[in-house]
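Student: Okay, handing you the structure first.
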Amino acid sequence: MRYATKTLLLAGTAIVTAGFLFSQAALAGEVTIVFSAGELGATSYNPVVASNLNTATSLIYDRLVEQDADQSYHPHLATSWEESEDGMTWVFHLREGVSFHDGEPFDAAAVASWIPDFAGTENAYLVEAIGSVEIVDPLTVKFVMSRPEPNLLYNLASIFMGIPSPKSYDDLGDDFGVTAAVGTGPFKLESFSIGLETIVVRNDDYTWASDLSANQGPAHLERITFREIPDQSTAFLELKTGGVDVLLGVPTDFLTILQEEEGVAVVTMAGTGINYMPINVTAAPFDDIRVRHATALAVDQDAIVQSVYNGVGQAAHNFLISSLPEANVDAMLDVVFNPTEAGELLDAAGWMMGDDGVRIKDGEPLQVKLFTQNDTEFKRLAQVVQAQLKAIGMDAVITVFDSSTIRDEYKRNAHQLAVRGYDWNNSDILDWFFSGERLGYPNVSMWNDPRSEELNKIAMAGSSTSAARIANFLAYHEYLLSQYLFVPIYQPTKNIAYNTQTVTVPGEIRGTRFRSQTVLDMDVVE
């Protein structure tokens, strides 16, 4: 069914006149936080095997290393570390006095037990360069590398590298992360209803925060309910009426209105991802590179920044965020709006313009499926992309899915185009979305190419230094761009809104994302 363009649920004038009706205070140290759209749909809190995690994960598990907004690395469960000159050994000194939620001690044995658990999972790449783990003493562990890994600290700071309790992990088996999730973090998992909500309660024994938090003891908040609200307009209404205290993802449509309200504050952080349109290369007509190329040139990124995002954020012209050196590709490979060339490419591919404005080839119209998920931002973005594709003679029919169902559709190869986004500030996201080992999801483009696999392998495993890694990922990135597997659209900011009458949030958000280090410093308003 075609998704008809509709007026947004909330017009700006309606939002302004409605006013904000806040509750007097968060009750007994309890707050409610709404996940951002990109965090919806997690089916497990097992960081070892999960493909989608969220902010609550960072409250349950700590990591050896934390990364700040300036990309620097800070000690956490590891107090310090040393890398050998040849990059073949890393020694980590562990924090004393740390225990898991189940009472088991965190020590070198826990780390040695944890690393092998990644074998055979989608996240194995995070530790695949670690050949073996040696316990030097109860609080010192050595990673003996099978090859140098200049990206190791970044990997260890990843949300997927939260350390679970070995005892609970083994005892619960496949139920770990669903019925229970046990880490060393500042909060314990109380309950998890997939697709609905996650409730965590304070770990009163917590005294081992990283230096990214001012609070080095237990959290000020006692209990947090994380809710999944797919429609961002509904989430916005909940904030207005006091149903929730914090929104982790605020559409840019609402920023101006929120910033003018006395009872709400907005924090804007630099974005760490890209919104884009993957193209399924196995689905006709996109098995023709000329059609893919034309599709890429049909999207006007600058117009989208202005019309959809009110000028907030920036246009994306390749797959990586602009702060990464691997994003500095040959300018000829950047994807830039050019409808004239798009038309010429479609003509060359045999798709001729019909009288009704839709191209035809062999009697068939150029009608394609455009999938998106059911949050306000992506639905609106899909509508604008639909109109831009129509301008070159491509009739895109929009279908909206919830976040879990759309992944199933990808996996069964039912899609042609999609509007989606990712949140990751490292070039290894290229491996995640374009490796031939992950067809369907997360490789939504269904891309499997020998040359690409070779460049991927070199980038992921063939770099001995940071400089070599940048060069290898740059080459890989440029090759992917040359094949028109996706259309980069937008590099968003992260917009967080909170009710100033119920909760306080630090003025400076430490870290690359809103995570446990910030939550530790939050408090309720008395």
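Student: Give just the number: which of (1) loosely packed, with under 15 Cβ neighbours inside 10 Å; (2) in contact with a strand residue (DSSP E or B) (Cβ under 9 Å, 6 or more places away or on another chain) does residue 370 not satisfy?
Tutor: Against the list (1) loosely packed, with under 15 Cβ neighbours inside 10 Å; (2) in contact with a strand residue (DSSP E or B) (Cβ under 9 Å, 6 or more places away or on another chain), residue 370 comes up short only on (1).
Student: From the list 224, 159, pick out the single residue that is of a type in the set (Val, Ile, Thr), under 24 Å from the mean Cα position of the chain (by Cα) and either under 30 Å from residue 461 (Cα atoms) or assigned by TED's automatic domain parsing to the domain that holds residue 457 (or both).
Tutor: That would be 159, the only listed residue that is of a type in the set (Val, Ile, Thr), under 24 Å from the mean Cα position of the chain (by Cα) and either under 30 Å from residue 461 (Cα atoms) or assigned by TED's automatic domain parsing to the domain that holds residue 457 (or both).
Student: Another one. Can you give me the number of residues within the range 85-100 that are modelled with pLDDT under 95 and farther than 21 Å from residue 125 by Cα?
Tutor: 1
Student: Does residue 439 meet the test of being farther than 30 Å from residue 72 by Cβ, touching a strand residue (DSSP E or B) at 6+ places or on another chain (Cβ under 7 Å) and either crowded, with 18+ Cβ neighbours inside 10 Å or in the same structural domain as residue 285 (by TED's automatic domain parsing) (or both)?
Tutor: Taking the combined requirement at face value, the residue does not satisfy it.
Student: Name the residue that is farthest from the chain's Cα centre (by Cα), counting only residues in the range 227-250 that are of a type in the set (D, E, K, R), modelled with pLDDT of 90 or more and outside any strand (DSSP E or B).
Tutor: The selected residue is 245.
Student: I would also like to ask the following. Those residues that are touching a residue at least 40 places away in the same chain (Cβ under 8 Å) and more than 18 Å from the chain's Cα centre (by Cα), I need them from the range 397-413; list them, please.
Tutor: 397, 398, 399, 400, 413 - these are the residues of the range 397-413 that are touching a residue at least 40 places away in the same chain (Cβ under 8 Å) and more than 18 Å from the chain's Cα centre (by Cα).
Conditions tested, residue by residue: (1) in a loop (DSSP other than H, G, I, E, B); (2) aromatic (Phe, Trp, Tyr); (3) over 30 Å from residue 39 (Cα atoms); (4) outside the structural domain of residue 440 (by TED's automatic domain parsing).
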{"position": "341", "(1), (2), (3), (4)": "no, no, yes, no"}
{"position": "357", "(1), (2), (3), (4)": "yes, no, yes, no"}
{"position": "371", "(1), (2), (3), (4)": "no, yes, no, no"}
{"position": "379", "(1), (2), (3), (4)": "no, no, no, no"}
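Student: Would you pick out the residues in the range 442-476 that are at pLDDT below 95, out of contact with any Pro (no Cβ under 7 Å at 6 or more places or on another chain) and surrounded by 20 or more Cβ atoms within 10 Å (Cβ to Cβ)?
Tutor: Hits for the range 442-476 are 442, 460.
Student: Is there a residue being on the phi > 0 side of the Ramachandran plot and either among the hydroxyl-bearing types (Ser, Thr, Tyr) or in contact with a Phe, Trp or Tyr (Cβ under 8 Å, 6 or more places away or on another chain) (or both) anywhere in the range 474-486?
Tutor: Yes: the range 474-486 contains one or more residues that are on the phi > 0 side of the Ramachandran plot and either among the hydroxyl-bearing types (Ser, Thr, Tyr) or in contact with a Phe, Trp or Tyr (Cβ under 8 Å, 6 or more places away or on another chain) (or both).
Student: Which count do you get for residues in the range 160-179 that are crowded, with 19+ Cβ neighbours inside 10 Å and of a type in the set (A, V, I, L, M, F, W, C)?
Tutor: 4
Student: Just one of 347, 330, 287 is in the same structural domain as residue 411 (by TED's automatic domain parsing), in contact (Cβ under 8 Å) with a residue 24 or more places away in the chain and either of a type outside the set (A, V, I, L, M) or under 30 Å from residue 463 (Cβ atoms) (or both); which is it?
Tutor: 330
The values are calculated or read from the model by the stated rules, or taken from the named source; none is laboratory data. Values in this document were obtained by computation on a predicted structure and should not be read as measured data. Note that each Cβ is placed from the backbone with ideal geometry, even for glycine, and that neighbours are counted across all protein chains shown.
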